[in-house]
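Contents: one structure, followed by commentary.
Throughout, read-outs are computed from the coordinates displayed, never taken from laboratory work. This is a predicted model, so every value here is computed, not measured. All Cβ positions, glycine included, derive from the backbone under ideal geometry; neighbour counts span all protein chains shown.
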Amino acid sequence: MNTIEDIIDRLIDILEKERGEKVYVKDVAKALKMSSSQLSNFKSRKSIPYDKITEYCARNRININWVLFGQSVEMLNSEVESVYRVKLIEGVHSSAGGGAFNDEDVEFSYLTIDPIYKDLLGINNIDEIEAIRVIGDSMEDTLHEGAIILVNRKKTELSNGGIFVINTPGGVFVKRVAINPTGGVDLISDNKSYETQTIPFEDVTVVGRVIGALEKI
């Protein structure tokens, strides 16, 4: 089993190759959007901040299998007897909105997912999960254009700050949401170049909650 120290060493290697200079643990903490004391607490407890590492790998298109286990995807696939398949839907917009999301009409293929992701993301029932490829840059730097997001179709209750796939009369969006105190739902872009949109409750259908993201495939 890889330890938090092993993972930090691999993250240091990544950052040093990227920056071309000596990197320290405090730099790893900053890259993970943590304080040095927070990372130190994880080390002292011999615990691993899986959520921070998953987000970092998604933001930077880094192979999470190598960061966590020192193994490539090819090595893992040769060792794992079973994999999971989820429906992959191409082209849901984060910026301008795509066509209406209709389960009967949508075109899809299948994406193979290593069981590691199921465990890391706390997925209990893989049948509730669908994958969607994002179009647009309005959710940068959280979700890159072309990233594949994993969506739990059973999680349709909106919560402030969560990222959801939302079906509206203007199309389908991948947005961070907030309940507007004056009524309606705010669709918020992490890219501050885009303005927040407020949609009436009656015009909002929640497709599902985004629970994770994979690099481009």
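Here are some notes:
- Residues whose placed amide H lies under 5 Å from that of ALA147, excluding near-sequence neighbours: VAL134
- Amide H contacts of ILE62: none lie under 5 Å away among residues 5 or more positions distant or on a separate chain (H built 1.01 Å from N in the peptide plane; Pro and chain starts excluded).
- The ILE116 and THR205 beta-carbon pair, evaluated with R₀ = 45 Å, returns a calculated FRET efficiency of approximately 0.90.
- Reducing segment 6-52 and segment 172-188 to their Cα centroids gives an inter-centroid distance of 33 Å.
- Least to most buried among ARG153, ARG85, ARG209 (fewest other Cβ within 10 Å first): ARG85, ARG153, ARG209
- In order through segment 140-152: 3J(HN,Hα) via Karplus (6.51 cos²θ - 1.76 cosθ + 1.60), integer Hz, x for Gly, Pro: 4, 9, 6, 10, 7, 4, x, 5, 9, 9, 9, 10, 8
- Cross-link reach list, lysines versus LYS33, counting only Cα pairs under 23 Å and skipping chain neighbours closer than eight places: LYS17, LYS22, LYS43, LYS46, LYS52, LYS175, LYS192, LYS216
- The label point for LYS30 and the one for ARG85, both projected 7 Å from the Cα toward the Cβ, are 4.6 nm apart.
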